[in-house]
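Below: the structure, in structure tokens.
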Amino acid sequence: MTRRSGGESDPIVGTPVPRLDAEAKVRGEARYADDLAFAGMVHVKTIRSERPHARIVRLDLSGVESAPGVVGIATVADIPGENIVPIIYRDMPLLAAGVVRYVGEPLALVAAETRDAAREAAARARVAYEDLPAVFDPRDALAHGAPPIARPDAADEGNAFNHMVIRKGDVAQGFAQADVIVEGEYEVGYQEHAYLEPQGVVAVPEDGGMTVYGTLQCPFYVQNAVANVLGLPLARVRIVQTCTGGGFGGKEDVPSHLAALAAVVAWKLRRPAKLVLDRSEDIATTSKRHPGSIRYRTGARRDGTLTAVEVEFYYNAGAYQTLSSAVLWRGLVHAPGPYRIPNVKVDAYSVATNTVPCGAFRGFGSPQVIFAHESQMDELARRLGMDPLELRAKNALRVGDETATGQVLTESVGLGACLAKAREISRWEEVQAEVAAFNRRERFKRRGVGVSTVMYGVGMGAKAPLLDKAGAYLKLEADGSVTLAVGTTEMGQGAETVLVQIAADGLGVPVGMVRVAPVDTSRVPDSGPTVASRTTTVQGMAVLDAARRLRLRIEDAVRAILGCPTFTVAGHRFCHPQDPARSVSFAEVARWMWTRNWDMGVTGWAEGKPVDWDPATGHGNAYFVYSYACHIALVEVDLLTGETRVNRFWAVHDSGRIVNPATARGQVIGGIAQGIGYALMEELPSRDGRILAPSFTSYHIPTARDVPAGIAVAFVEAPYSGGPFGAKGLGEVPLMASHAAVANAVSSATGGRLRAYPAIPERVLDLVAKGA
Amino acid sequence: MTLSFRVNGRPVTVDVPPGRRLLDLLREDLGLTGTKEGCGEGECGACTVLVDGKPRLACLTAAIQVEGRDVLTIEGLAASGQLHPLQEAFLATAGVQCGFCTPGLILAAHALLAENPSPTADEVREYLSGNLCRCTGYEQVVEAVLRAAERRR
Ligand code: FES
Ligand code: FES
């Protein structure tokens, strides 16, 4: 490893470099999926099931085929490969064969010359169903005699897709030692990603294979799915990511399905095929955050020391596995919270029902249990007469502590620092006093302050360690500029800019010299999925590895050019140590290397540090490192209308070294907004497996008026030795922490205890009535 | 039917079927894909364009409604190549993340500053509340608009 000799340029990591992709976006030049068009392109519409569970008796597409503008149709018979979209399990068909298991399940496809023609033709499909008994609630699905929904080879038992456990110590003994025990049940419904850009792909038959362009997070997942349904080798399937208008997990697994649908049409018709969902189809038929029911029990001594935690929770997974086993596992590991607890028992279930499959959404199974554990901490504080921040600080994990899964934390635990900083920047005591004074003064309004603390396991964790890898190619161009290719994606989170900062710092060149190549599976290394807040850490390490290798080669060239074993660096010039007049620029070195036929390219590689897991006990080093956060929210409740506003918000994060403080701040505030939506307003009712009003008209996400001005964001940086320049993950954490702080603030304001999301006015009025 | 109007200062004459949305006319017939479709039902603001300087949702506007009018899309804001102060401000404050909402937000903000050159932060939030953004939480968007307003003074 080379060491930068210092002084050659200011460090770039840690500075607010403007986003590299922003200019194309403000000019309207960035190309998103629906902005692409190809000669001869057809528009595809999916014909979907109208029943939650039924046998397909007849699928009559004659009216569809004869509709104006129709180019062709595709059914199960047209799938050249396997009728399976492989995700973690292999239980989900591309097109339903014989039986449908949820409303919206794809049955067939129609392609037409225009989008309108495809939509109108699809409406002419005539399907005869024979209804089968259906279940929509996990409790019903697990009941004796429930209709089987899960495929036996994809489920632990019956309709329980998965049952996972943590067993630590002896909870019976732990509760016996407790002076106070609190217990509660918590319910959360769907949360819809509501990325502003709907899902979309264009499949283009090319060179005896298939190229798919699309808005997506995980190109290598999509490649695998398309190859599987077409029966092609992976090398004949190329996935190119288009500019992606938000993902949040919603574009983790779903694009695999959509790309495979479009690819089957393109393959059959030998024409480019575009499949873009409209908003209602997107909301009704794509993944969302799992609804959950959580039963939680916590015991503590009089002084606040936790003695035991017992949790049982059920996630409604929908009709197919998709990512539910991974979501459930993250929920399992995160259920006990960021605390020292000697005795822990967790039972986690994901359950098959006749509903749309749920999947990844920022936090990935953890926000649901965080609502529960942070509510419990507040209930406990109240019972103990302790300050809620104090209670958390007393139990917060520190270096040397053991987590609920028996993992000893050896470094980079900034939780205590987060709590202290949050206390400081919120002026915790004064704010409490101000709130109390307000509540004495006002008759029809109440304010409340709520706090939450979270930990977040960075990366895939011990459930899928084989995916925690990343590659990076760096190519030095003949003029000294640099091209970087990585297999992780930019979806709005700012990864591209952060990775360029890491490359530039590793190489000792300005940011403007580094350019990121488009993500195309035929040209970039497989870096695993862009999920789990892993990009800066794992992909960043691969980029840094490549940068350091290339830097070594450049330094060899400098020594050869200057004819001396050492050199100094000034600005972006390399100088002879004795004769500073003899110097060479970075660009000149590149030119010199190129003219001498030097190899200008390098590959970097990184893997997450080892993790391990025993599924029988839930013991193990679940993740290689954790990020931490403490959020504080101040809300105001109108006692007459039940309306709740978030007035102030303070957020403190330990995500290790922050590579770009401006984009990190944006990620935190954006996550807080999503958390405010989750806690207060986002509700997606369904009946008998049907999403009732899949549109932004009734699914409200926060607007500029719903997010408080002046959110304070601070970072305490506990560096991680396994991350580039000490960085850990950040992306998911702000959402995870924010909703629970808001929920606790609502409870505090009303004097009741919020046990279900969202805190819509009726529910808040109910709390007020109960709290009074 | 034949429709004549100006888009980004340029006169255009096109044939459109009666029901054609302005959004499709811009994106498909004129290749101006900077105007985005986030919902198609008037709820998200991603399709915001300016018609005679006023913000309009292109997904709810029939193409024939712009007969004889002046339409500004995001592509027209930096027509000379030089970024508009609002565009520069969005870069400077990190007001862009995924960018899908950005063209609509910038055009809405443009209309706001034409009406009210010195808005308060609250007025910005109020005015932009029809433009959804799922990424930023709006703070840096509001900062961008205030910064652009200040620069123009
Ligand atoms: S696309 Fe027009 S308002 Fe959403
Ligand atoms: S930046 Fe993604 S929706 Fe606004």
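The values are calculated or read from the model by the stated rules, or taken from the named source; none is laboratory data. Note that the coordinates shown come from a computational prediction; the quantities given were computed from them, not determined experimentally. Every residue, glycine among them, receives a Cβ derived from its backbone with ideal geometry; neighbour counts consider all protein chains shown.
What the table shows:
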quantity: Given (1) among the aliphatic types (A, V, I, L, M); (2) assigned to a helix (DSSP H, G or I); (3) in contact with a His (Cβ under 8 Å, 6 or more places away or on another chain), index of the condition A:Val333 fails; calculated: (3)
quantity: Some residue of segment B:100-108 being away from ligand 2 (no atom under 13 Å from the Cβ) and either within 9 Å of chain A (Cβ to nearest Cβ) or buried (at least 20 other Cβ atoms within 10 Å of the Cβ) (or both); calculated: yes
quantity: Out of A:Ala759, A:Ala740, A:Ala718, sole residue that is touching a residue at least 24 places away in the same chain (Cβ under 8 Å), under 27 Å from B:Val124 (Cβ atoms) and away from chain B (no Cβ under 14 Å); calculated: A:Ala759
quantity: Tally, over segment A:619-671, of residues that are of a type in the set (D, E, K, R), away from chain B (no Cβ under 13 Å) and within 28 Å of A:Ala495 (Cβ to Cβ); calculated: 2
quantity: Counted residues, segment B:10-54 - those being away from ligand 1 (no atom under 11 Å from the Cβ), away from chain A (no Cβ under 12 Å) and within 17 Å of B:Pro103 (Cβ to Cβ); calculated: 6
quantity: All positions within segment B:8-38 that are in contact (Cβ under 8 Å) with a residue 40 or more places away in the chain and within 16 Å of ligand 2 (Cβ to nearest atom); calculated: B:Gly34, B:Thr35, B:Lys36, B:Gly38
quantity: Residue in segment A:721-737 that is nearest to the other protein chains (Cβ to nearest Cβ), counting only those that are over 25 Å from B:Val141 (Cβ atoms) and part of a loop (DSSP other than H, G, I, E, B); calculated: A:Lys728
quantity: Options B:Val124, B:Val71, B:Val66: the member that is more than 7 Å from chain A (Cβ to nearest Cβ), of a type in the set (Val, Ile, Thr) and over 22 Å from B:Gly40 (Cα atoms); calculated: B:Val124
quantity: Criterion: within 14 Å of chain B (Cβ to nearest Cβ), crowded, with 24+ Cβ neighbours inside 10 Å, small (Gly, Ala, Ser) and out of contact with any Lys or Arg (no Cβ under 6 Å at 6 or more places or on another chain) - qualifying residue of A:Gly246, A:Gly200, A:Gly214, A:Gly292; calculated: A:Gly200
quantity: Test for B:Leu77: is it away from ligand 1 (no atom under 16 Å from the Cβ) and not basic (Lys, Arg); calculated: yes
quantity: Hey, B:Gly81 in contact with an Asp or Glu (Cβ under 8 Å, 6 or more places away or on another chain), at positive phi and either away from chain A (no Cβ under 11 Å) or not basic (Lys, Arg) (or both) or not; calculated: no
quantity: Top-ranked residue in segment A:748-772 [being buried (at least 24 other Cβ atoms within 10 Å of the Cβ) and under 18 Å from A:Val435 (Cβ atoms); ranked as nearest to the chain's Cα centre (by Cα)]; calculated: A:Ala759
quantity: Among the candidates A:Gly506, A:Gly494, A:Gly450, A:Gly459, residue that is buried (at least 24 other Cβ atoms within 10 Å of the Cβ), under 28 Å from the mean Cα position of the chain (by Cα), touching a residue at least 40 places away in the same chain (Cβ under 8 Å) and closer than 20 Å to A:Phe649 by Cβ; calculated: A:Gly450
quantity: B:Ala89 vs. criteria within 14 Å of ligand 1 (Cβ to nearest atom) and modelled with pLDDT of 95 or more; calculated: no
quantity: Any hit, segment A:520-534, residues being within 14 Å of chain B (Cβ to nearest Cβ) and not in a helix (DSSP H, G or I); calculated: yes
quantity: Of all residues making up segment B:109-140, the number that are buried (at least 24 other Cβ atoms within 10 Å of the Cβ), more than 16 Å from the chain's Cα centre (by Cα) and either more than 10 Å from ligand 2 (Cβ to nearest atom) or more than 30 Å from A:Glu496 (Cα to Cα) (or both); calculated: 1
quantity: Segment B:92-109 residues that are closer than 12 Å to A:Glu197 by Cα, paired with ones that are part of a helix (DSSP H, G or I) and more than 16 Å from ligand 1 (Cβ to nearest atom) (beta carbon under 7 Å, 6 or more apart); calculated: B:Gly99/A:Lys25; B:Thr102/A:Lys25; B:Thr102/A:Val26; B:Thr102/B:Phe90
quantity: Options A:Ala404, A:Ala464, A:Ala393; residue that is without any contact (Cβ under 8 Å) to a residue 40 or more places away in the chain and buried (at least 18 other Cβ atoms within 10 Å of the Cβ); calculated: A:Ala393
quantity: Count of segment B:39-71 residues which are away from ligand 2 (no atom under 16 Å from the Cβ), closer than 14 Å to B:His110 by Cβ and crowded, with 24+ Cβ neighbours inside 10 Å; calculated: 2
quantity: Among residues of segment B:94-108, those that are over 8 Å from the mean Cα position of the chain (by Cα) and within 16 Å of ligand 1 (Cβ to nearest atom), counted; calculated: 5
quantity: Options A:Leu391, A:Leu380: the member that is part of a helix (DSSP H, G or I), among the aliphatic types (A, V, I, L, M) and touching a Ser or Thr at 6+ places or on another chain (Cβ under 9 Å); calculated: A:Leu380
quantity: Residue check, B:Gly137 within 11 Å of chain A (Cβ to nearest Cβ), small (Gly, Ala, Ser) and farther than 19 Å from A:Ile669 by Cβ; calculated: no
quantity: Segments classed as strands (runs of 3 or more DSSP E), wholly inside segment A:567-618, with at least 3 members that are under 42 Å from the mean Cα position of the chain (by Cα); calculated: A:601-607
quantity: Residue, nearest to ligand 1 (Cβ to nearest atom), within segment A:195-241, restricted to residues that are aromatic (Phe, Trp, Tyr) and farther than 21 Å from A:Val42 by Cα; calculated: A:Tyr195
